[in-house]
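The values are calculated or read from the model by the stated rules, or taken from the named source; none is laboratory data. What you see is a predicted model, and the numbers here were worked out from it, not measured in a lab. Because the Cβ atoms are built from the backbone with ideal geometry, glycine has one as well, and the counts that use them run over all protein chains shown.
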Amino acid sequence: MAILEILVYPDERLRTVAKPVETVDESTRQLVKDMTETMYDANGIGLAATQVNIHQQVIVMDLSDERNELRVLINPTVIEQDGEQVYDEGCLSVPEYYAPVKRAENIKINALDEQGEIYQLEAHGLLAVCIQHEMDHLAGKVFVDYLSRLKQDRIKKKFVKRARSFD
Ligand code: NI
């Protein structure tokens, strides 16, 4: 297992659109293991492969306090969505920044698990938020894209400055 480096906004590689996984195999399962370890190490509740610069449609998530309810979503597609909710979102690629984002309240998705088996999941509330947030990453989107241009410019400046101070 390995802890992978998480790309930080406004890194352009976060804009890459991920490709579907053609065959779920040992290399996919290794990626899932490494992403899971990376997510737990960073105290995150979700991580998309895009964030570790691997552009395949793979997401890991765990919303539990005990960190024992791992969910793996490979090639997820939304088949139904309705309602509206606003949640204060954060992201491992935008450290220590939170902002409200409006998303669907309920979603139904199809995805593959790490054995390549298809399953369906109905999600509401925070789980629905998290899935939509991570699926955005696979499409090259970051949650700050939903904020006003002014706010986006401020965040960009802040993170560019922060990156320089680490050089
Ligand atoms: Ni994120």
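I'm checking my understanding of the structure. Among residues of the range 108-162 that are closer than 21 Å to GLU80 by Cα and of a type in the set (S, T, N, Q), which one is farthest from the ligand (Cβ to nearest atom)? Among those residues, the one meeting the criterion is GLN120.
Taken together, GLN120, GLN152 contain a single residue that is among the polar types (S, T, N, Q) and surrounded by 15 or more Cβ atoms within 10 Å (Cβ to Cβ), which is GLN152.
Does VAL17 meet the test of being away from the ligand (no atom under 16 Å from the Cβ), loosely packed, with under 12 Cβ neighbours inside 10 Å and closer than 28 Å to ILE155 by Cβ?
no
Among residues of the range 86-108 that are free of Cβ contacts under 8 Å to residues at least 24 places away in the same chain, those with a Cβ under 6 angstrom from a residue that is more than 13 Å from the ligand (Cβ to nearest atom) and aliphatic (A, V, I, L, M), sequence gap 6+ or separate chain, pair up as PRO100/VAL86. Inside the range 46-71, residues that are free of Cβ contacts under 8 Å to residues at least 60 places away in the same chain and among the hydroxyl-bearing types (Ser, Thr, Tyr) make up a count of 1.
Here is a yes/no grid of residues against (1) closer than 20 Å to ASP145 by Cα; (2) basic (Lys, Arg):
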| position | (1), (2) |
| --- | --- |
| PRO20 | no, no |
| GLU26 | no, no |
| LYS33 | no, yes |
| THR36 | no, no |
| ASN43 | no, no |
| ALA48 | yes, no |
| GLU66 | no, no |
| ASN75 | no, no |
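Conditions tested, residue by residue: (1) surrounded by fewer than 19 Cβ atoms within 10 Å (Cβ to Cβ); (2) under 30 Å from LYS158 (Cα atoms); (3) not hydroxyl-bearing (Ser, Thr, Tyr).
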{"residue": "THR28", "(1), (2), (3)": "no, no, no"}
{"residue": "MET39", "(1), (2), (3)": "no, yes, yes"}
{"residue": "ALA42", "(1), (2), (3)": "yes, yes, yes"}
{"residue": "ALA49", "(1), (2), (3)": "no, yes, yes"}
{"residue": "GLN56", "(1), (2), (3)": "yes, yes, yes"}
{"residue": "THR77", "(1), (2), (3)": "yes, no, no"}
{"residue": "GLU80", "(1), (2), (3)": "yes, no, yes"}
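Restricted to the range 17-45, and to residues that are touching a residue at least 40 places away in the same chain (Cβ under 8 Å) and not in a loop (DSSP other than H, G, I, E, B), which residue is nearest to the chain's Cα centre (by Cα)? Going through the qualifying residues, I end up with MET39.
When the test is whether a residue is more than 14 Å from ASP113 (Cβ to Cβ) and either aliphatic (A, V, I, L, M) or at pLDDT 95 or above (or both), ASP62 passes it. Scanning the range 101-112 finds no residues that are closer than 26 Å to SER27 by Cα, surrounded by 14 or more Cβ atoms within 10 Å (Cβ to Cβ), polar (S, T, N, Q) and under 15 Å from the mean Cα position of the chain (by Cα).
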